[in-house]
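The values are calculated or read from the model by the stated rules, or taken from the named source; none is laboratory data. Keep in mind that what you see is a predicted model, and the values were worked out from it rather than measured. Every residue, glycine as well, gets a Cβ built from its backbone with ideal geometry; the counts of neighbours run over all protein chains shown.
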Amino acid sequence: MGSHTGCSLAARAVRVVGTVAAVLVPAILCGLFRAVTHGRAAGQRLVYRRLVAVLMMLGPAFVKGGQVLGTRRDVLPPALCDELSVLQDAVRPLRPRQTARALDEAYGADAAEIFAELEPAPVASGSVASVYRGRLRTGQEVAVKLRRPGIERIMARDLALIRAGAGLVALLPGLRGVPVREVVASMAEAILGQLDFEREADNLRRLRKNLAEVPRVWVPKVYPEACRPRCVVMEFIPGLATDTADRCSPVARRRFAASGLAAMYQMLFVDGFVHCDMHPGNLYFTAGAQVVVLDAGFSVQLSERLRRLFAEFFMNMAIGRGRHAAEIVIRSSASVADGADLEGFTVRMADLVERSHGQPAREFSLIAFATEMFDLQRRFGIHAAPELIFPLLSLLVIEGTIRALDPDLDFQEAARPQLMRGLFGAGTRVRQAP
């Protein structure tokens with residue numbers, strides 16, 4: 001590491017530590033007072049909310065890190081995960097001068113040969129990129145996702161600090177046996193993966209191919225000849241709005257729910273290639289009753305072993321075979337603590353599965369099931385593989401959207417066609433909802 005880089009990293013570390021101390025020390029004191037006057041849970045919520053505020057103050061790498069860590073309900077307290085889940089990339093869109101720089105970094109002198117038109121104001125903006133509407137010289141209307149100038153350096157610097165901090169935190173007595181370094185390493189890998197636009201373009205093409213057989217699911221077409229390492233160019237889908245489903249009939253809403261869930265199950269159980277960021281900003285519905293899936297930067301490929309174990313777990317959960325499901329959790333774990341009571345975990349996990357199997361569809365909650373399962377894993381020292389946690393998160397994220405569209409949809413029953421195909425290679429096609 002050069003002296004200039006080392007000084008820059010040290011200066012950033014001082015600023016980060018100063019910001020954290022300035023916000024969290026008073027927050028902890030206030031939290032202790034709140035815990036005495038209103039109960040421990042109220043005190044924790046106050047501290048957790050201030051922590052989220054600090055992450056937003058520190059910048060995009062910390063925000064992204066908080067978003068990813070919020071998925072790790074197997075390691076972090078559920079109340080903290082709830083607070084982390086509300087993190088948004090509250091960043092300003094690129095200014096015209098920044099857009100010109102980003103376009104020049106991506107294309108150089110070739111931009112004028114590729115684009116006949118590019119609107120100056122972005123239609124969407126996040127911490128990593130801004131998206132613009134444009135038109136290729138060949139006539140296609142496109143969405144142009146340009147990476148922010150300098151974002152790689154900022155992310156790399158701050159992730160190096162986060163990794164170093166994780167190494168120190170892992171030494172704390174209360175965290176012995178918790179895979180802190182491994183969790184942060186997988187988080188950093190997920191964040192850096194979202195800077196790789198060539199990989200994102202490939203991810204979109206894979207998803208478009210894989211989900212083509214799921215009725216009414218639309219993944220935008222990628223134009224590889226116009227893409228660059230710092231830019232993804234895909235077809236522009238007009239009229240996307242977060243409230244489209246609210247203005248549709250109950251029949252259309254049920255179709256949205258069935259297609260969205262079928263797409264999720266196709267990824268999880270059949271293909272093993274999973275979009276892990278299916279929040280409402282990446283999942284839209286059209287007036288033509290289609291489900292649109294965007295932004296595949298955060299996607300993972302399950303190994304064949306883990307894909308099958310995930311499918312076997314869900315199948316056993318769906319039919320109420322508790323002990324089998326518990327054994328799969330143990331087999332798929334990244335590590336098991338020394339002296340872990342595996343039989344005690346198996347008994348309690350089996351009870352959870354059997355209780356959940358007996359619930360009516362409207363009352364069954366994946367998030368409640370997962371929260372209790374992760375609590376059991378923490379208590380018994382069974383640490384889940386991150387390759388499984390991220391896809392499971394995607395299913396948990398989409399649950400709220402699906403429930404709002406069709407409260408009576410049976411998540412376990414709806415999985416059967418894809419489970420059969422994923423486990424037994426059955427010729428069952430994805431059935432179109434009426």
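What the table below lists for this structure:
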{"read-out": "Odd one out for residue 354 among (1) in contact with a Gly (Cβ under 8 Å, 6 or more places away or on another chain); (2) closer than 23 Å to residue 400 by Cβ", "value": "(2)"}
{"read-out": "Residue within the stretch 409-432 that is under 28 Å from residue 258 (Cβ atoms), free of Cβ contacts under 8 Å to residues at least 60 places away in the same chain, aliphatic (A, V, I, L, M) and surrounded by 18 or more Cβ atoms within 10 Å (Cβ to Cβ) present", "value": "no"}
{"read-out": "Subset of the stretch 211-248 (residues that are at pLDDT 90 or above, basic (Lys, Arg), within 28 Å of residue 405 (Cβ to Cβ) and out of contact with any Ser or Thr (no Cβ under 8 Å at 6 or more places or on another chain))", "value": "221"}
{"read-out": "Cβ-Cβ under 8 Å pairs, at least 6 apart or on other chains, the stretch 28-55 side under 17 Å from residue 17 (Cα atoms), far side outside any helix (DSSP H, G or I)", "value": "52/86; 52/87; 55/87"}
{"read-out": "Subset of the stretch 112-135 (residues that are surrounded by 18 or more Cβ atoms within 10 Å (Cβ to Cβ), touching a helix residue (DSSP H, G or I) at 6+ places or on another chain (Cβ under 7 Å) and over 16 Å from residue 60 (Cα atoms))", "value": "114"}
{"read-out": "Residue ID - surrounded by the fewest Cβ atoms within 10 Å (Cβ to Cβ), chosen from residues in the stretch 364-396 that are among the aromatic types (Phe, Trp, Tyr) and under 15 Å from residue 349 (Cβ atoms)", "value": "369"}
{"read-out": "Cβ pairs under 6 Å, 6+ apart, first in the stretch 289-312 and under 13 Å from residue 276 (Cβ atoms) and of a type in the set (Val, Ile, Thr), second modelled with pLDDT under 90 and part of a loop (DSSP other than H, G, I, E, B)", "value": "300/276"}
{"read-out": "Residues of the stretch 265-290 classified as surrounded by 21 or more Cβ atoms within 10 Å (Cβ to Cβ) and under 13 Å from the mean Cα position of the chain (by Cα), total", "value": "6"}
{"read-out": "Check on residue 326, free of Cβ contacts under 8 Å to residues at least 60 places away in the same chain, farther than 20 Å from residue 390 by Cβ, under 25 Å from the mean Cα position of the chain (by Cα) and surrounded by 20 or more Cβ atoms within 10 Å (Cβ to Cβ)", "value": "yes"}
{"read-out": "Flag for residue 204 being in contact (Cβ under 8 Å) with a residue 12 or more places away in the chain, under 22 Å from residue 67 (Cβ atoms) and assigned to a loop (DSSP other than H, G, I, E, B)", "value": "no"}
{"read-out": "Matching entry among 318, 258 (being touching an Asp or Glu at 6+ places or on another chain (Cβ under 9 Å), closer than 23 Å to residue 423 by Cβ, among the small types (Gly, Ala, Ser) and at pLDDT below 90)", "value": "318"}
{"read-out": "Elements of type strands (runs of 3 or more DSSP E) in the stretch 272-353, at least 2 residues being among the hydrophobic types (A, V, I, L, M, F, W, C), closer than 25 Å to residue 375 by Cβ and touching a Phe, Trp or Tyr at 6+ places or on another chain (Cβ under 7 Å)", "value": "none"}
{"read-out": "Qualifying position, being under 16 Å from the mean Cα position of the chain (by Cα) and crowded, with 22+ Cβ neighbours inside 10 Å, among 233, 293", "value": "293"}
{"read-out": "Selection status of residue 79, at pLDDT 80 or above, crowded, with 21+ Cβ neighbours inside 10 Å and not aromatic (Phe, Trp, Tyr)", "value": "no"}
